[in-house]
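Structure, as structure tokens:
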Amino acid sequence: MESRSGTPAPAVTTAGAPPARPSPVRPGWRGAWHGVRSTERLCHVTGAVLVLSGLAHLVVFAVDGGPWDGPVSWRKPVTFGLSFGLTLIAITWVTSYLRVGTRLRSALLVVFAADCVVEVGGITLQAWRRVPSHLNMETGFDTAVSMTLAVGGGVLVVLLSVFAVASFQNRPTGPLGMPLALRSGFAILLVALASGAAMIARGVVLTRTGHQEAAYHSTAPLKPLHGVSLHAVLVLPALTWLLSHTPWSDRTRRRVIQAAVGCYAAAVLGAGVWAALTW
């Protein structure tokens, strides 16, 4: 229809037509920095600081030298700084896909971040004091640090177990395959928590019965199992997110994710068998 001037008349909008819905924003590594909540920013920054602490102590090790293995070495602030930092960043990200209340998630993340700082801080302090951090009951101060780390480990178990239960209680959101990746990652993470608790329990028993040196070396069989299973909750969801940005078909992406879960489970099983044989 044209107006008298010969120009086309403006299109008439149908009454009652619903407005166009904005496209949903999916959380991811490239999510807008200013769009995330302050709690998430705090956790990401804290995780980055812990990672930098681990890298800094790698430089200290290169300069100062000393053994890499054993209860007193620069390995501990390096590995714990990197591991706790990456885990904090990963948990902050992946829990955005869980159907958990905003306030509850924020509270759990703040406690988790504080606990990560306490764990890495205590381990780093003892490394600079050139004394063992875990299972060290030589002095009152060393006992306080060791028990603080043990209690902190218990807090980590509770917090991460809550998130793991939430991932199975309600189907997580996210791109194709993310529910499987998250549930598998959290299930394998529970193996890491169980192996960590077993290491602490056995070491404490040996320490209390007067076998201090044996306690320091008792954790060796479970360390590979603990280390491998700890980061599945980062690796599997990250792979899933990367696959969601490829032109591959849904069927192909689903198969790749399933294969990745199977391979990771096989690696954990292998580490578990080795731990059982060398325990």
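The values are calculated or read from the model by the stated rules, or taken from the named source; none is laboratory data. Everything quoted here is computed from the prediction, not taken from an experiment. Every residue, glycine among them, receives a Cβ derived from its backbone with ideal geometry; neighbour counts consider all protein chains shown. Just so you know, the surface numbers come from the protein's heavy atoms only, side chains and all, with ligands and any DNA or RNA stripped out. Shrake-Rupley method; radii C 1.70, N 1.55, O 1.52, S 1.80 Å.
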**Message:** With the crude spin-label approximation of a point 7 Å out along Cα→Cβ, what separation in nm comes out for V273 versus V118?
**Reply:** 3.9 nm
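Given a 1.4 angstrom probe, what's the average accessible area per residue across the chain, in square angstrom?
Accessible surface, normalised per residue, equals 54 Å².
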**Prompt:** Taking only DSSP H segments of four or more residues, each worth -39500 (n - 2.57), what value at 222 nm results for the chain once the sum is divided by all its residues, to the nearest 500 deg cm²/dmol?
**Reply:** -23500 deg cm²/dmol
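Using 0.36 nm times the number of residues separating L125 and S38, minus their current alpha carbon distance, what extension gain do you get?
Taking 0.36 nm per residue and subtracting the Cα distance, the gain is 28.4 nm.
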**For segment 81-198: rounded, prolate or oblate by the Cα gyration tensor [a/c cutoff 1.5]** = prolate
**Complete:** Taking Cα atoms, the helix 38-64 axis meets the longest principal axis of the chain at an angle in degrees (rounded to 10) of 40 degrees
**Message:** Order 224-231, 106-113 from most to least packed using the mean count of other Cβ atoms within 10 Å.
**Reply:** 224-231, 106-113
**Request:** Please work out, to two decimal places, the log10 of the ratio I(q)/I(0) at q = 0.10, 0.22, 0.25 Å⁻¹ from a Debye calculation in which every Cα of segment 172-268 carries one identical scatterer.
**Result:** -0.37, -0.99, -1.15
**Message:** Take H217 and V151, extend 7 Å from each Cα along the Cα→Cβ direction, and tell me the distance between the two endpoints in nm.
**Reply:** 3.2 nm
**Message:** When a/c reaches 1.5 or more, the comparison of a/b and b/c decides; with that in mind, is the chain rounded, prolate or oblate per its Cα gyration tensor?
**Reply:** prolate
**Asked** Between A259 and V205, 0.36 nm times their residue separation minus their Cα-Cα distance comes to what?
**Response** 15.4 nm
**Prompt:** Roughly how many Å is it from the Cα centre of segment 233-253 to that of segment 156-223, as a whole number?
**Reply:** 25 Å
**Prompt:** Residue farthest toward the positive end of the dipole of the chain, with Cβ of Lys/Arg at +1 and Asp/Glu at -1: which of A266, S244, G81?
**Reply:** S244
